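Beneath this line is the structure, given in structure tokens, with notes to follow.
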Amino acid sequence: MKMAKSIYAKSIEQVSKLLFSIEKEQELHNFLEDILTPQEIIEIGERIHLCRQLLQGKTQREIAEDLGISVTTVNRGARMIKFGTGWLKTVLK
């Protein structure tokens, strides 16, 4: 388990530093298109959208119906907001 945490810590540091080094929006756009699959981009966009709706006070069922996803997926977003670092709330408001 310690090894997995060490790999996670190194990975999050590497990704954070790299993203922080990108100065222009178009460069970030190009980087994301290069490193992520179209499905990964869609999933991240969906996650952001559902978290915004949660923060606006919509119910999980309303969001699931609106986005055509399961309530379980919306619940995962709610857990990210509730148990995450808190930064998601700050960025999305």
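The values are calculated or read from the model by the stated rules, or taken from the named source; none is laboratory data. Everything numeric in this text was worked out from a predicted model, so none of it was measured. Cβ: placed from backbone, ideal geometry, glycine included. Neighbour counts: every protein chain shown.
Are there helices (runs of 4 or more DSSP H) fully within the chain with at least 3 residues that are surrounded by 10 or more Cβ atoms within 10 Å (Cβ to Cβ) and in contact (Cβ under 8 Å) with a residue 24 or more places away in the chain? List them.
Helices (runs of 4 or more DSSP H) meeting the threshold: 38-55, 71-83, 87-92.
Here is a list: I22, I69, I63. Which entry is modelled with pLDDT of 95 or more and assigned by TED's automatic domain parsing to the domain that holds L92?
I63
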